[in-house]
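Single-structure report; data block below.
Just so it is clear, none of the values below were taken in a lab; they were calculated from the coordinates. Because the structure is predicted, anything quoted here is derived from the model rather than measured. When we count neighbours, we look across all protein chains shown, and the Cβ atoms used for this are built from the backbone with ideal geometry, even at glycine.
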Amino acid sequence: MGHVARLGRLVVVTALLGAVCACGTGGPATEGVAGAAGDAQPSGSPTGSPGAGQGATTSEALQPLLVDATRLPDGFRESTGQAAPGYRMTLCGVDLEPRPPAETATRRFARSGVGPFVEQRVRRYGDDSQAEVLVAMRQALRSCGETSATDPASGASTTMRVRPLQLRQFADDSVAWHQEAVDRPVPTDVVLMRRGRTVVLVTSYTLGRVGDVGVVEQAATAAEALLRDAE
């Protein structure tokens, strides 16, 4: 398990912290996209820059926007692992979090010790910069097949294969993609959605196995419903 945890952390930091990208990976490659700790640890978020969450507070106000296991496919349970809160990284040339959030909340789920895993990160910002990020990422995915996912803080990078996912729009705006590191395959599906200045990043990833895009789609649908109900 220690080896798997180290692999997950590596993926998280270099792959985008996997889930969101500079062509990063959705899960283990990001510090946040699939944050890693606990069961097997690939992180499901897109980048792993430690600075991505600096200055942000873990918010009680955002807790109602976190999904629970009953809203996911059968067999998932809340994980004892801790999803890394940050996910800043440059993927396909796009900085996924150019401005730090004011508030954050995270939750992680697993079906078994080796996955699949689901991670959700909720972020609230003080400006509208994330609206531009979603537009830029959607445009970049049209031509981004293989790219370097880079952590802006450390400069560490990983070569990622990225492709858009053909999912419906979630919330006010959204973008979805699949990503995995060339040298450490951790297939990761990522959905980044926005409602006003609140952004939700949902990632689903597996360790060395083909994933099911239906998992991230169901998790994103649940997250969208909570955003809507919070109005």
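Averaging Cα coordinates gives a centre for the stretch 88-121 and one for the stretch 165-180; these two points are 14 Å apart.
Remark: relative contact order (the stretch 80-139) = 33 percent; criterion is Cα-Cα distance under 8 angstrom and separation of 6 or more residues.
Find out how many positive minus negative residues lie around Val210, taking Lys and Arg as positive, Asp and Glu as negative, among other residues whose Cβ is under 15 Å from that of Val210. Computed value for this residue: +1.
The order of Arg168, Arg107, going from fewest to most other C-beta atoms within 10 Å of their C-beta, is Arg168, Arg107. Length available on full extension from Val182 to Asp74: 0.36 nm per residue minus the Cα-Cα distance, which gives 35.9 nm. Highest mean first, the peptides 125-138, 214-227 sorted by other C-beta atoms within 10 Å per residue fall in the order 214-227, 125-138. Electrostatic bookkeeping for Cys92 treats Lys and Arg as +1 and Asp and Glu as -1; over the other residues with beta carbon under 15 Å from its beta carbon, the sum is -1.
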